[in-house]
Every structure is written in structure tokens, then in C-alpha cells.
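The values are calculated or read from the model by the stated rules, or taken from the named source; none is laboratory data. None of the values given here were measured: they were computed from a predicted structure. Virtual Cβ from ideal backbone geometry, glycine too; neighbours counted across all protein chains shown. These area figures cover heavy atoms from the full protein model, side chains too; ligands, DNA and RNA do not enter into them. Shrake-Rupley method; radii C 1.70, N 1.55, O 1.52, S 1.80 Å.
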Amino acid sequence: MPAKKTAPKNKNTKKKKKRALVTGVTGQDGSYLAEYLIDLGYEVWGLMRRTSLEPMIRIEKLVRPERRLRIVYGNLRDGASIRQALEESQPDEIYNLAAQSDVGISFKCPDETMDINYHGLGRLIHEAIKVNPKVKIYQASTSEMFGRTNPPQNENSVFAPVSPYGEAKLLAHEDYVKGYREKKGLFICSGILFNHESPRRGEHFVTRKISISLAKVKLGIQESFALGNMDAKRDWGFAGDYVKAMHKMLQQKTPDDYVISTGVSHTVREFVEEAAKVLDMPISWSGKGFDEVGKTKDGKVVVRIAKEYYRPTEVDYLLGDSRKAAKKLGWKPEVSFKQLVRMMVTADYERLKKMKDAGLL
Ligand code: NAP
Ligand code: GDD
């Protein structure tokens, strides 16, 4: 076989690094995505809103500091701040992960949720195309937009949100992602991501609340904890797998929307059971409705139900069908439900044990 010809290398032409701006970089997904893009050779800029905490305290715990993340300040509620951040970072790709992302809180702060999750994307796009008309944008859409639509849910399923969070994300998807793609020819994609978790998950989301609470019970730091609706079913994947799909979407020839999920769903109750097994502390259930309790083998009540954790309206059953992403992006999840639960529980148990051993708890 003839030897393959390779183009002569010109030592003087250094390829310019691609620049990415990640909004929501202090969040779970932002931290994994920033790490992933830096490893791919991107110059990564993280957009952070100003708070009274030192920026490095907020970033160091998430993104390994040696990986050289650049920080720009900006708030999705403030167009001028976004403009300045874009002028400084000059991105080729924007990943809009910033949001008021807590569904339960969205019932308490619907206006703020709408302003960040819907108008925030509008502000970002309007400023971005002034700085770079060819910019590619990823929008963090969500399975919460499906609301009560029957599972399995895919790109063709009906959207019927039942929370202010879901409504704001759906408006952003329809007006700015689909609308601007069609009317203005913008390269913008929606990742319709189902729930994804990790040891970096916010502590008020149910999976992390369970992993922390059960680890505390095991260590004797806490007696019991309370949950809301344990019958809700979620399709839970690993955040580290999901950020790879975000990047793949922006590398396609044409912009499109993709469902990202595992195709396996579990109840909140099953998450508790699996997490308790990891800690060698199996749980059995007794009672019904608000009187249901979860007990350990020695009869100690460790899980209770509290009305305050129920939502005014609930998404009962999410189960994603991500065959389009598998076919077009070549994406598939790598971490199973059991591996995910073990990863989260072990991380919290070890972290809390160290703190307890050091006399901090
Ligand atoms: P997260 O951990 O709650 O992170 C949200 C990020 O948004 C934080 O960095 C937060 O910054 C930032 N933020 C909030 N308001 C802002 C504002 N006004 N201006 C600038 N930044 C602001 O969320 P996540 O789990 O990583 O999710 C990332 C995105 O994916 C979100 O848009 C979420 O709605 C969407 N999503 C998540 C899932 C999931 O299961 N994780 C599934 C589907 C879609 P602070 O540190 O300052 O609070
Ligand atoms: N947070 C929380 N706390 N949820 C509880 C609790 C509790 O004590 N008890 C039961 N749940 C139930 C909720 O009612 C819901 O049905 C389910 O557990 C999952 O709740 P969360 O972990 O808060 O996630 P979510 O599904 O509402 O929203 C997450 O996933 C969406 C994608 O479907 C968030 O990450 C959203 O930002 C994301 O878009």
C-alpha cells in the first residue's frame, strides 16, 4: 500500500484556540463542561455573577485550578454586564447554563425565574450576535418542559410544563432557540436534558439531599430526614456524561435540538433504597401517604414525609428517548443508575467522615 501523504507542517502558523463562554460556570454542569472543554484545548471563559464571596472560593471547589479557567463577571438579568463579558471573552461558542434551576423555588420566585431563564437568554443572544454574528449557542433546555406528557418523551413529544421553571424554559426554547434559528438563521441548539446528577449537584436537589442525609445518618450526625413526593419518577444520568453531548451539538453542520437521557427511570423511593444499600444500611417502608416512614433493620425511623417538600403541581414520570442523539451525535450515557448512586453516596460519606474525624461536625 502506498504511504499516506501528509501536508507539510508550517511551524509559523499556530492554530488559534477556540474560545468558549460558559454561563453558570459555578454550577454543577458549568464546572464539568469547563473542565471538559479545557481538556479539549479550548480557551474557556466562565461567566459568573458578582457576590460577596471571593471568586476563587466559588470556583476552586468545582474546577481544578490548574486548568486555567478565565473568569468574566456578568448577570443574565443585566444586559450591559453581559455585553462587557462578551466583548472581553470574544467567544466562538456560548454554552448558556446559567439559570434559576430549582423547580420547587420557581413556584416561590416565578418572576425572577422568568427573568433569568427566559429574558436572560434573549439578552445574551442580542449582545452575542453584535460581538460575533457567527457565534454558536447551546441553550440548556429541560425535560421539565414535557410536564405531564406521557413517557417516553423525545424531540417530537408535546410540551406541557406545569411549573414556572418549565414555562420559562419552554418560552426560551420556542421564542429564542426555534424562533431565532428559523427567522434569523442563528446557530443555536437546545439540549433537552433529563435529570443529571453528580457529587457536585446542588444540595437542595433530591438526589444530593438523600446522599448527604443518609451519609449523616450512617455517621451518627443526624437521626432522620424528610422528603416530599417519593413516587415521582426521574430518568437520572451522570452530569459528566451529559456535558459531552452539549459540546457535540455545537460541532454539527446544522443546529438542531436533542433529547439527552439514559432511557431508564426510577422513583425517588428507589433512589433512597439504592443509596441506603451502598451504606450497608438497608431500608424498609411502612405506613401510607404522609404517614409513610423508612426504617433501618433495627427499627429506627430515618426517612419521613413532610408536606412542605411537595410541589403545587408535579411532573410525575420522566423517561427519555435519546435515540436521535445516539444516531446523529454518537452520544450515549456511560454511567448507570447504580454507579451514579454509589458515586454520590461514597463521595458524601467520605467527605463528611473526614470532617467528623477532624472534629468539625
Ligand atoms: P445549577 O448547579 O443550579 O447552576 C446554575 C448556575 O446558574 C450557577 O452557576 C448560578 O450561579 C448561575 N446563575 C443563576 N442565576 C444567574 C444569573 N442571573 N446570572 C448569571 N448566572 C446565574 O444548575 P445545573 O444543574 O448545573 O444546570 C445547568 C443548566 O441546565 C441550568 O440552566 C438548568 O436549568 C439546566 N438543566 C439542568 C438539568 C439537571 O438535571 N441538572 C436538567 C435539565 C436542564 P451562582 O453560583 O451565582 O448561583
Ligand atoms: N428537591 C426535592 N426535595 N425534591 C423532592 C423532595 C425533596 O425533599 N422530595 C421529593 N422530591 C421530588 C420532587 O417533587 C421531584 O418530583 C423529584 O423529587 C426530583 O426533584 P429535584 O431533584 O428537585 O429535580 P427536578 O426534577 O424537579 O428538577 C431537576 O431536573 C430538571 C430536569 O428534569 C432540576 O435540575 C431542573 O433544573 C431540571 O431542568
| query | If we keep just the residues of segment 26-53 that are of a type in the set (A, V, I, L, M, F, W, C) and either free of Cβ contacts under 8 Å to residues at least 40 places away in the same chain or near ligand 1 (Cβ under 6 Å from one of its atoms) (or both), which is surrounded by the fewest Cβ atoms within 10 Å (Cβ to Cβ)? | reply | LEU53
| task | Please specify each residue of segment 150-198 satisfying the condition of being under 24 Å from ALA239 (Cβ atoms), within 15 Å of ligand 2 (Cβ to nearest atom) and either among the basic types (Lys, Arg) or surrounded by fewer than 17 Cβ atoms within 10 Å (Cβ to Cβ) (or both). | result | LYS169
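Quick grid of which residues meet (1) in contact (Cβ under 8 Å) with a residue 12 or more places away in the chain; (2) in a helix (DSSP H, G or I); (3) out of contact with any Lys or Arg (no Cβ under 9 Å at 6 or more places or on another chain):
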residue: GLY122; (1), (2), (3): yes, yes, yes
residue: SER141; (1), (2), (3): yes, no, no
residue: ARG148; (1), (2), (3): yes, no, yes
residue: GLU155; (1), (2), (3): yes, no, no
| task | Pull up segment 114-149, narrow it to residues that are away from ligand 2 (no atom under 11 Å from the Cβ), within 21 Å of PRO312 (Cβ to Cβ) and touching a helix residue (DSSP H, G or I) at 6+ places or on another chain (Cβ under 6 Å), then point me to the one that is most open to solvent (accessible area, probe 1.4 Å). | result | MET114
| request: Counting only residues that are under 13 Å from the mean Cα position of the chain (by Cα), give me the strands (runs of 3 or more DSSP E) lying completely in segment 185-282 with at least 1 of them. | output: 187-193, 258-260
| remark: With criteria (1) assigned to a strand (DSSP E or B); (2) open to solvent by less than 10 Å² (accessible area, probe 1.4 Å), ALA325 comes up short on (1)
| query | Quick check: anything in segment 288-297 touching a helix residue (DSSP H, G or I) at 6+ places or on another chain (Cβ under 6 Å), open to solvent by less than 60 Å² (accessible area, probe 1.4 Å) and either touching a residue at least 40 places away in the same chain (Cβ under 8 Å) or not small (Gly, Ala, Ser) (or both)? | reply | no
| Criterion: surrounded by fewer than 19 Cβ atoms within 10 Å (Cβ to Cβ), more than 10 Å from ligand 1 (Cβ to nearest atom) and touching a residue at least 60 places away in the same chain (Cβ under 8 Å) - qualifying residue of ASP111, ASP92 | ASP92
| Count of segment 328-345 residues which are open to solvent by 60 Å² or more (accessible area, probe 1.4 Å) and touching a helix residue (DSSP H, G or I) at 6+ places or on another chain (Cβ under 6 Å) | 3
| message | Within segment 217-226, does at least one residue satisfy the condition of being surrounded by 22 or more Cβ atoms within 10 Å (Cβ to Cβ), touching a helix residue (DSSP H, G or I) at 6+ places or on another chain (Cβ under 6 Å) and at pLDDT 95 or above? | response | no
